[in-house]
Every structure is written in C-alpha cells, then in structure tokens.
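Everything on this sheet refers to the single structure shown next.
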Amino acid sequence: MKKLTLLAVSIITFAFNSLAQTYVFQFRPWESNEWGYMNIKGEVVIEPQRRKCYDFSEEGLALVYYSKQNHYDIINLNGDVLDMEPEKFIVKEGFGYGAQGYSSGMLIIRIKKRWGALDKNGKVVVPVKYDFISNFIYGYATARLKDTYYVIDSIGSEILIHEEDITKISKFSEGLTLYTNNKELAGFINEQGDVAIPAKFEKVGYFNAGVAWARSSDGLIGYINKNGDWVIEPKFLAVSDFDPVSGLAMARVDEVWGYINKEGEISYVENVKKIYDYTEGLAMAVTPDGLFGFLDENQHWIIKPRFDAAREFKNRYAAVRENGKWGIIDKSGNWVIEPMFSGIKNVMKIN
C-alpha cells in the first residue's frame, strides 16, 4: 500500500510539473520587422508588435525596449506590462548578446551610474548604490562599492569578501566566482565570501560540470577541480567549457579544433568546416559546402547537415533555417515548428 501511495504521488508530481512548464520562443513572421512570442505547440502567445524584445525568463518575464524613449518595460506571458518601482532604468548588457533579462528571479538595473536589482514583482530589493553587480546565479551575485567587494543575496544582504587584493570579480558558477588580484592572477571565491582557490593562475573560466579551465604560467590551458588541482594538465592553446550531458569540450592544440573528454583525450571531426560546443549532448557543425547539422557524442551525424543556418540546442529544441526560412526541430531532427518565419530565437522553458 505504501509503495502504491508513493507511486501515485510520483505520477501526480510528474504530471503537475509537466503541465506547469511552458516552452516559448520569439518569432518574426515572413517579411516582417516585428517580433512576437509563440509556444512550442505553434500557438501565438503574444502577437508580433515590437522591433526589439528579449527572451522570457524562467519566471515568465521578458524585457521589451522602446528605442525612441530609451525605455524598458517588463511583460508577462499575457503581454501585460509589470508595474515597476523605478520609472526608468538601464539594464545590464552582455558582450554581443544585448540586454540581459531576469536571472535567478532578479533583474540587474542601472539608474544614473549606480547598480541595483529588482525582484520579479518589479520592486527594488538590492539598493541601487553599487558600482558593479554581476548577474544572480541560484540566488547569489557579487558586487563592488568603491574598493570593497561583496557577495549579495536576493534580499540584498551583504557578505564582505575576505580578500584585500581584488581588482576584478565576476558572476558565480556552481557556487564559485572567479576573481583577479593586483598581480593579475586569478582564483575563486565561494558564496560565503572566502577564498576557495587562491589566485595562482594566469586566467580562469567558469565552473561547468565540476571543472573550470585555467591557464598556467607557461600560457597553456588545462582544467582544475574545485580544490584547484589539475584534473587535465595544461597542454592546450584554447578550450571551451565542458558540456555536462556529453562530457565533452572543444580544445585546440595547434590550428585545428577538436573535442576532448574528461581524461584530456582529443578527437577530431573529419570533413567539416567548423565545429561548435556541445550543448545538451549535441554539437552543431558545418560542412565544407556550408550546411549545418548536429553531431552525437561520438562525433557522428545524428541530424544530417541540411540546414543553411542553425542555433544550438536549448531546452531540447533548436532553431534552424532551411531554404531561407526558420523553424524548430527536436533532437531527432523532426520539425516541431515548420520553417516559415524570417527569424526565430531560442526556445525558453518557463516554470
């Protein structure tokens, strides 16, 4: 009876979670300049009406931008504009990726020259007083006020970082944030504000799948664990983050990129013009004649190269272009959204 009860609870929980998740993406109709939002069933969620808007966050909130007024609004899935405590603000931008929206339920904003953060109700929960704030990751961010650095949480509480020689700090990844000291060496700090890995590397990347890349004093790159020990000795000229699903990362020993496993063994893909990172177990690649397809963990074509453009897989789906029109495929290469649009962006999962 106990086993049957547990099974029933599991089934109900799974069904509830499935119903609670919605997959939404931005789309631009053929010969249109305006973007709207559609779900993975092909139903229009918000009609195309804006020249510039951004992906929905997991909380179901998206930024929209009005260039003439230099103004941002936040909308929900009904298209309703959220009432925000500050009337006008600037949002954080990434390198080449435009405005960065909500992350971990928080939106980083700038008013004049100071940074703070809004919660998902549009209320200021982190005071707009800092010279810098990173994006929130699982409830934590880093901040700088003059020459003092902090770890801050989603209610604005501060933890002083116990390291005097910091000159640069970044966002958290898997509970650690990279920092640089006044000797231009890099290490990691934990969510309690303590040094977890002393600054002894020329440069470091973010932790992903339990490891982070790091550059040694001779300029070569390997991977370290969360104790700061080498798990893959530095021998590469360039690398990328490991994909947790495939356990593979891109790396370059000479002029040719290949893929390495957690043992540091490298393999190369033949008859391709360009390869990309693995995401969710699949990697995008381009043939010499310019067609895009996707590789499995053994670098075999699991989705044959037949597209003239593509985006990486995100939340189980990928946007691809065939004969000049964009649609969406699943991991078997089947059309989920037929190619008929002039633009499609990543599919976002909303809880």
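Which residue pairs have Cβ atoms closer than 8 Å, lie 6 or more positions apart in sequence or on different chains, and pair a first residue in the stretch 46-69 that is closer than 18 Å to Ser103 by Cβ with a second residue that is surrounded by fewer than 17 Cβ atoms within 10 Å (Cβ to Cβ) and among the small types (Gly, Ala, Ser)?
Final answer for the pair search is Tyr54/Gly98.
Those residues that are surrounded by fewer than 20 Cβ atoms within 10 Å (Cβ to Cβ) and either within 25 Å of the chain's Cα centre (by Cα) or in a strand (DSSP E or B) (or both), I need them from the stretch 312-328; list them, please.
Glu312, Lys314, Asn315, Arg316, Arg321, Glu322, Lys325, Gly327
Here is a yes/no grid of residues against (1) buried (at least 17 other Cβ atoms within 10 Å of the Cβ); (2) more than 22 Å from Asp241 (Cβ to Cβ):
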| position | (1), (2) |
| --- | --- |
| Lys129 | no, yes |
| Asn135 | yes, no |
| Thr142 | yes, no |
| Leu160 | no, yes |
| Ile166 | yes, yes |
| Ile169 | yes, no |
| Asn181 | yes, yes |
| Lys203 | no, no |
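Any idea which of (1) part of a strand (DSSP E or B); (2) over 21 Å from Asp119 (Cα atoms) is the one Glu164 doesn't satisfy?
(1)
Would you pick out the residues in the stretch 254-266 that are surrounded by 15 or more Cβ atoms within 10 Å (Cβ to Cβ) and either in a strand (DSSP E or B) or among the aliphatic types (A, V, I, L, M) (or both)?
Residues satisfying the conditions are Trp257, Gly258, Tyr259, Ile260, Ile266.
Looking at (1) modelled with pLDDT of 95 or more; (2) in a strand (DSSP E or B), which is the one condition that is false for Lys41?
Exception for Lys41: condition (2).
Scan Ala141, Ala196 and give me the residue that is outside any loop (DSSP other than H, G, I, E, B) and within 20 Å of the chain's Cα centre (by Cα).
Ala141
Any residue at all in the stretch 234-256 that's of a type in the set (D, E, K, R) and at pLDDT below 95?
Yes, that holds for at least one residue.
Pairs, please: C-beta under 7 Å, at least 6 apart or cross-chain, first residue within 13 Å of Lys203 (Cβ to Cβ) and assigned to a loop (DSSP other than H, G, I, E, B) and in the stretch 232-247, second basic (Lys, Arg) and at pLDDT below 95?
That search, which allows pairs on different chains as well, returns nothing.
Within the stretch 101-111, does at least one residue satisfy the condition of being more than 29 Å from Asp73 (Cα to Cα), hydroxyl-bearing (Ser, Thr, Tyr) and part of a strand (DSSP E or B)?
No, the conditions are met nowhere in the stretch 101-111.
So Lys183 clears everything in (1) outside any strand (DSSP E or B); (2) in contact (Cβ under 8 Å) with a residue 24 or more places away in the chain except one condition, right? Which one?
That leaves (2) as the condition not met.
Consider the stretch 248-265. How many of its residues are more than 24 Å from Lys314 (Cβ to Cβ) and either in contact with a Phe, Trp or Tyr (Cβ under 7 Å, 6 or more places away or on another chain) or in contact (Cβ under 8 Å) with a residue 60 or more places away in the chain (or both)?
Qualifying residue count for the region: 3.
The values are calculated or read from the model by the stated rules, or taken from the named source; none is laboratory data. Just so you know, these numbers come straight off a predicted model, no measurement behind them. Cβ sites come from the backbone with ideal geometry, for glycine too, and all protein chains shown count toward neighbours.
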